[in-house]
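Accompanying notes for the structure given below.
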């Protein structure tokens, strides 16, 4: 039976176990719409009034209004990542593939295929899928930023990984990837929020935490997950292709999935280089303000109403210009959306 209930997934087996099926796509679409509504109402009734009180006066009313809009967007994103990282990490820590366990990555693959999910795990997985589908819409609705195609590739890869891992019953590794990616974005958005509020020291400290989180989660932990897909998956998963039994393993699928992960890591490594450049400039100037810019692509960069997407590339885009660029153009970082 088709129902509209964002807290009740389809294909219930018993009190806490659910299968997968075509109607899960409808559940995702429900959450895509709901996320748009939640974002709009949270910004309008909570974050906008808060921003009007917290954002300091600027040299012009236009500048302040722009910063209030950016404050609301980054605050919404920060709240999203705090909630979903906390939720996802709680689920992971209470699973067999918790990082607290020895050889935790091998449990992505043991007892495969994983045909059922608990209710809370299924809601988490499908709402995360909805968020990334929503991000694809946002990216193409809003005015384009300089890194539009990098972000488009990032979002396409992420959506592909979430969908493929769900359909082929590799949800354990998919869940681990989602949790790994969310952590750094908490501090990325948090640093931007503090910047708009004028809390410079807290902003700078949060930016440092963001860099450390990025290196640990997206380069080290994600690198280990890629290694597990490459080495452990072929070892622990039976090489059987039998969709009727929920068993999906073939050399082609394995290579395709691994290729998506490596492509994503390549994009993350590119952004890491930009982050390092920002860090070097920060150390030399001893002031993050010297490397921040408030320009968008259409004014310099983009509109103030840009939706947050999980990319640090906004920190470093002006660095690709010549060394003779004026100081107003080389100011870079958190006010970039």
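Coordinate-derived values only; no laboratory data. Just so it is clear, the structure is predicted and the values come from calculations on it, not from any experiment. Ideal geometry is used to build each Cβ from the backbone, glycine not excepted, and the neighbour counts take in all protein chains shown.
Exposure proxy for 103, 232: other Cβ atoms within 10 Å of each Cβ, ordered fewest to most, give 103, 232. Compared with the direct C-alpha span, the chain from residue 199 to residue 83 gains 39.4 nm at full extension, assuming 0.36 nm per residue.
Extending 7 Å from Cα along the Cβ direction at residue 3 and again at residue 284 yields two label points whose distance is 6.1 nm.
Note on residue 270 and residue 42: their simple-model spin labels are 2.9 nm apart, each label 7 Å out from Cα toward Cβ.
Spatial offset of the range 189-233 relative to the range 43-82 amounts to 23 Å, using the alpha carbon center of each.
Going from the residue with the fewest nearby Cβ atoms within 10 Å to the one with the most, 193, 163, 278 rank 163, 278, 193. For the pair residue 263 and residue 98, a Förster radius of 30 Å applied to the C-beta separation gives a FRET efficiency near 0.65, rounded to the nearest 0.05.
From least to most packed, judged by other beta carbons within 10 angstrom and beginning with the fewest, 91, 264 follow the order 91, 264.
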